[in-house]
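Okay, so here's the structure we're looking at.
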There are 6 protein chains.
Amino acid sequence: MRPSGRKTDQMRDCSIETGVTRHAEGSCLIRMGDTHVLCTASIDERVPPFLKNSGLGWVTAEYGMLPRATHSRMRREAKNGQSGRTQEIQRLIGRSLRAGVDRVALGERQITVDCDVIQADGGTRCAAITGGWVALKLAVNKLMKAGVVTSDPLVDPVAAISCGIYAGQEVLDLDYPEDSEAGVDGNFIMTGGKLVEVQMSAEGATFTRGQMDTLLDLAGGGIADLNRIQTQAVT
Amino acid sequence: MRPSGRKTDQMRDCSIETGVTRHAEGSCLIRMGDTHVLCTASIDERVPPFLKNSGLGWVTAEYGMLPRATHSRMRREAKNGQSGRTQEIQRLIGRSLRAGVDRVALGERQITVDCDVIQADGGTRCAAITGGWVALKLAVNKLMKAGVVTSDPLVDPVAAISCGIYAGQEVLDLDYPEDSEAGVDGNFIMTGGKLVEVQMSAEGATFTRGQMDTLLDLAGGGIADLNRIQTQAVT
Amino acid sequence: MRPSGRKTDQMRDCSIETGVTRHAEGSCLIRMGDTHVLCTASIDERVPPFLKNSGLGWVTAEYGMLPRATHSRMRREAKNGQSGRTQEIQRLIGRSLRAGVDRVALGERQITVDCDVIQADGGTRCAAITGGWVALKLAVNKLMKAGVVTSDPLVDPVAAISCGIYAGQEVLDLDYPEDSEAGVDGNFIMTGGKLVEVQMSAEGATFTRGQMDTLLDLAGGGIADLNRIQTQAVT
Amino acid sequence: MRPSGRKTDQMRDCSIETGVTRHAEGSCLIRMGDTHVLCTASIDERVPPFLKNSGLGWVTAEYGMLPRATHSRMRREAKNGQSGRTQEIQRLIGRSLRAGVDRVALGERQITVDCDVIQADGGTRCAAITGGWVALKLAVNKLMKAGVVTSDPLVDPVAAISCGIYAGQEVLDLDYPEDSEAGVDGNFIMTGGKLVEVQMSAEGATFTRGQMDTLLDLAGGGIADLNRIQTQAVT
Amino acid sequence: MRPSGRKTDQMRDCSIETGVTRHAEGSCLIRMGDTHVLCTASIDERVPPFLKNSGLGWVTAEYGMLPRATHSRMRREAKNGQSGRTQEIQRLIGRSLRAGVDRVALGERQITVDCDVIQADGGTRCAAITGGWVALKLAVNKLMKAGVVTSDPLVDPVAAISCGIYAGQEVLDLDYPEDSEAGVDGNFIMTGGKLVEVQMSAEGATFTRGQMDTLLDLAGGGIADLNRIQTQAVT
Amino acid sequence: MRPSGRKTDQMRDCSIETGVTRHAEGSCLIRMGDTHVLCTASIDERVPPFLKNSGLGWVTAEYGMLPRATHSRMRREAKNGQSGRTQEIQRLIGRSLRAGVDRVALGERQITVDCDVIQADGGTRCAAITGGWVALKLAVNKLMKAGVVTSDPLVDPVAAISCGIYAGQEVLDLDYPEDSEAGVDGNFIMTGGKLVEVQMSAEGATFTRGQMDTLLDLAGGGIADLNRIQTQAVT
């Protein structure tokens, strides 16, 4: 039995509210249960040095957490520098979003997706990817409306969901009480029905090929649902 | 004529929404026009080393801005460390809030007030102080309800407002278009009808004693209004 | 056809030379083709603060690369701080090794495994895990010989191998020329026939469930071979 | 009664010795009682990037304290980085000095004013501004003598003085014993009889409009005296 | 011919003014020609952790340079951290001073000697050692007068002088114009007629055993003179 | 009697193995007894900014130590930044190597010599210089073979050896047990029979001119032997 009473293949309620800040070219607030992440996309007409005069665009991401997004207050990263965990997460978000971008169609410009966790209850990096894609798409829509980009560089939505083994059972979309107990958990990122990233990790535990297969099945189902919510949000 | 069409002594619409995050002991989202600041108060039963066994409590503050809270994206402070400006602001917030705290009544514990700017349109430090006091008060109320604190350490609200000289005219509560043009501007913090801090500053300009008096008058009026909104929010 | 002429399921020659430094409690030099990693294990009778008086041991890892381990010289991390990539790798090594450790049997002490890449040709993090386990095992053997540890905390070897999709083909153990071309690649860590970590990642590409299955099969075969070489090295 | 026996409106003895180092374009040692600050002005023909080709000059300031300028030794900032307090002070000094500079007349060049506290007894930032202006003026005089600058960019001297409420009484120019006891104190910067900055601050206290007026009066008197000493020093 | 017209074995005029700051337990301003260094000694009754309960004292040193002590302004180290050169110099000063200290007689306390260069014209590290010893001695005298230390831990003065090969000639006490031209130069530290440190260094040049001998002779003469000036200063 | 049983003028066994990594333009592993240092030379066709268009080449060095090169594990410098000691050593290595380089003959390019200590038993900086010269020479030979450099910029080998006073006796080439006991020790660097650097240092001790002479004699003998081994290694 899951602490929340959810079924093993049941995702938390997910909502995506767009246009939440007036300055960003694209923005949304994604809520996966009690995990709330504010995502903004900022367009910059300059690309990083390694792409100058390449004709290719770039998408990058940054991730942060407000100090009291969590049960007990965490130290502010602006005072101590980004932790290894934070850097690992923002590299993952950027890589995942780029998997769904046609960088030729985007043209030589950079879009930075900022994902800031307002409230955390597990699965923040997955919510950041799912919401980050929505912010990115809204910014791209603005470029297309302005005629600056003519062919849509974002065909299929990119979404992410966590799965893990909680109390011996494979479950979809772990919340914090599950996440802190699970010996095995992972993040699955997909686009257009295909995999982009798989990160299964165990702390002091192991898992079988069979369990791996079940988790991949659960993830596939959850991501299909997320794609529907994303599509609705951007139209 | 002010860009917003406001009168010289007219504050922007101010609203304070409380209970906006589930983990913090006190929280609110303050909106001063298009300036939105999320304030949380976190109670820690330990005090800083210099107060150990003193019987005195402590209130401190930290300030941050999401990278795309502003018109153009700013670099994330977690990547570069806090700027001098950020440190100056958070020292001001902490000092201002402490002016309204009876540290004996609070008892030997620390409350950290985090003020994170979600959207900026001028006057973020003042909104942070005004909203920060509300978050602080809600956390203290929780301590009083639990019987841990028996005498209220927060009698009068602490609030802050900016004033400045825009187009030769003394005005209340500058928004970003005014702030970026004004040669003279300042922040006034008050509690219980008395002054706590006055920070008048000029970039390449000067001001007279008479102008100083007018600004102090404007500030007094604005803060009285803010105090009413604060009191409503915490009851 | 692979640049090295290897078959798709053919690992590079792997050798593990033990006892290569006189100070470390356990050490080895692992060679996976032209990738050479020096691994040392250092015993510390103190554990990190969060484990004090827990009775539990700890295994952690650090990773580095000599500046000219690579084709062109990299900046020395001691001058610039550890990159996000380095931190991500050393967190992975530590987590992977801990999956094969009985921390009660180890007792309240810490073993730090240092993995320093002397020469790089792809797959350095996998070689670090495989060699790191050997260094760790040798250090633990010393503790057991001294009677300080009585029940072996390391039952099955932990090993790692990379797999990826090169030129449309699933291949085992990518070397640098393959790694720099492959759009999809990943690292598989196993112990006792079970999975510990799976990290599939795509840069601007995607992969199917079927390809995922093939890569898992390849990895399983490679790791069984590595386990034999590890077992030989420590006896 | 003040610890020093001074009257409430009595400033400490102030002297300004010019030409104290042989390399700087302008330099002085200002003594406000036992507070001694060495000020140097360094001319750089390059301006910061944001002023390139603007025709405008720039004046900036840096502030430091020798580790044993104070009663007990402080940690050296070169080992730990500049504190928030130090950054706040040097931003204030730079802003204050710029208020008295005609940046068109100065021409496209930068002058850096370094203020290093040799011995501290309260009021170091005010002494730094008053002495900093003298060093700046001497450097500008050199530019005018050389015919590089033709119209004097520094018409009126900029000076600063602290005031505060000590033992319930408004007093001018607090020394360290007063400063460490005063609940309310502030810094007033003026030029040509007008205000440039006002920084009133209270630690756990408040003050009335009437007290504010008295402090402004005291400051005005002190600054007039300082202006006379500055003028004498530079002629 | 030397730029200053001095003979090859002629030191610059050296003066040592004591008691120059009111807070430090010992202080002096040493002038070696145009090189001026302010030295203070601060007593701390706590020793570094590695000496706790050892009964032994410690002497350490820190070195700094005001930004405009030099011909052209240098970047402030508080903004950028101490350079390798600065760290090397302060390690040398501390090591040299300790050579003349009876650490048992000093007792379990630490004295920190701060050497801050006010004006530089070559030979700053040597002046810092020579003046640093005077500040140290004055602080120790205070401890002896108070009866806290009963047997003098500083028997012979420690002094330092630079020598080098300028225009093919061995010369004593290089000033900046000589130092910036000399291919070979070095620092000699002595106490009680014996050597403590010898640091001969060549940038793109070499020197013979014979030249080494001449430089050692020159240094011996200069240091004898410095010892007389030191002794006079502390009595 | 020396702990190793060596005579006072007896160097440890020294061997230099070249071509130890496949990427570097020059490389060797130098073994001085149990001190093992891996040296690589990397050619960069760009020079530092201060040499642009000067026609002059540059040689620089970096030094590191693997965390478990020593008896007990040291903290990894990549996590904490380079210590003052490390910076001091790598500045010495670079300066020493440059003393033997004809920078006009080298031409406008930079060679970086990395010296990484794999195992430490005293004298690591001397081994780094001696081995570093061999790596540098091999890289230069490659440039000459390619016809890019036509006149050999490295005529005489640069080598280094430590000497010190152990148990009252002047000895050559201190190993760690001697080095940790010796109150006086130093490093001597020579090329072509002439001195390049002399660094005699005493921790809480002193030495006479006579002892200095004996140490210089010992060093001269040792370096002649090292030069023979270097010459053999590069031919």
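Nothing in this text is a laboratory measurement; each read-out follows from the coordinates by a stated rule. Fair warning: this is a prediction, and the values are worked out from it, not measured in the lab. With ideal geometry, Cβ positions are generated from the backbone for all residues, glycine too; neighbour counts draw on all protein chains shown.
Just a few scattered comments:
- Charged side chains reduced to their Cβ positions (Lys and Arg at +1, Asp and Glu at -1) give the protein assembly as shown a dipole of some 0 debye around its Cα centre.
- Backbone amide hydrogens, once placed in the peptide plane, bring residue A:204 within less than 5 Å of C:99, excluding anything fewer than 5 places away on its chain.
- Between identical copies, the spacing of residue F:224 label points, each set 7 Å from Cα toward the C-beta atom, reads 3.5, 6.5, 8.6, 8.6, 9.9 nm from nearest to farthest.
- Max mean-square fluctuation residue, GNM over chain E, Cα-Cα springs under 10 Å, options E:222, E:81, E:57: E:81
- Residue-level result for chain D: its Cβ closest to the axis carrying D onto C, with that distance in Å, is D:81, 7.
- Rounded to 5, percent antiparallel among DSSP beta bridges of the protein assembly as shown: 85
- Hydrodynamic radius by Kirkwood, which averages 1/r over all alpha carbon pairs of chain F, in angstrom: 18.1
- Relative contact order [Cα under 8 Å, 6+ residues apart], region E:90-164, whole percent: 46
- Sequence of E:137, B:145 once ranked by neighbouring C-beta atoms within 10 Å, starting from the fewest: B:145, E:137
- Most fluctuating residue given options C:123, C:204, C:64, as computed from a GNM of chain C linking Cα atoms under 10 Å: C:204
- Approximating the spin labels as points 7 Å out from Cα along Cα→Cβ, the residue D:167-to-residue F:169 distance works out to 7.4 nm.
- Virtual spin-label span in nm between residue B:80 and residue D:217, 7 Å along Cα→Cβ: 4.7
- Our note on the geometry: Cα centres of region B:60-94 and region E:161-220, 52 Å apart.
- Starting from the label point of residue E:204 at 7 Å along Cα→Cβ, the same points in the other copies fall at 4.3, 4.5, 4.5, 6.1, 6.2 nm, in ascending order.
- Using a 7 Å projection from Cα along Cα-to-Cβ, the label point at residue A:3 is separated from the same position in the remaining copies by 4.7, 4.8, 5.5, 5.5, 7.2 nm, smallest value first.
- Anisotropy class of the protein assembly as shown from Cα gyration tensor, a/c 1.5 cut: oblate
- In the protein assembly as shown, helices alone account for a calculated mean residue ellipticity at 222 nm of -10000 deg cm²/dmol, with every DSSP H run of four or more residues adding -39,500 (n - 2.57).
- Within a Gaussian network of chain A (alpha carbon springs, distance under 10 Å), most fluctuating of A:19, A:107, A:84: A:84
- Compared with the dominant principal axis of the Cα atoms in chain A, helix A:209-233 is inclined by about 40°.
- For the pair residue B:51 and residue C:53, label points projected 7 Å from Cα toward Cβ lie 2.7 nm apart.
- Contact order, relative form, for chain D: 22 percent (alpha carbon pairs under 8 Å, 6 or more residues apart, mean separation divided by residue count).
- Likely footprinting exposure, E:7, F:194, fewest C-beta neighbours within 10 Å first: E:7, F:194
- Sites residue B:235 and residue C:102 - FRET efficiency at Förster radius 60 Å, r taken between beta-carbons, to 0.05: 0.55
- Three-way shape label, region D:130-235, alpha-carbon gyration tensor, a/c 1.5: prolate
- Counting other Cβ atoms within 10 Å as a rough exposure proxy, the listed residues B:116, D:175, A:44 run A:44, D:175, B:116 from fewest neighbours to most.
- Shown in residue order for region C:12-24 are the 3J(HN,Hα) couplings computed by the Karplus curve 6.51 cos²θ - 1.76 cosθ + 1.60 at θ = phi - 60°: 6, 4, 10, 9, 10, 9, 9, x, 8, 10, 7, 8, 5 Hz (x for Gly and Pro).
- Our coupling estimate for region F:183-189, obtained by passing each phi through the Karplus curve with A = 6.51, B = -1.76, C = 1.60 and θ = phi - 60°, is x, 10, 8, x, 10, 10, 10 Hz, Gly and Pro reported as x.
- With θ taken as phi - 60° and the Karplus curve 6.51 cos²θ - 1.76 cosθ + 1.60 applied, the whole-hertz 3J(HN,Hα) list for region F:121-131 is 8, x, x, 5, 5, 5, 4, 5, 5, 4, x Hz, x standing for glycine and proline.
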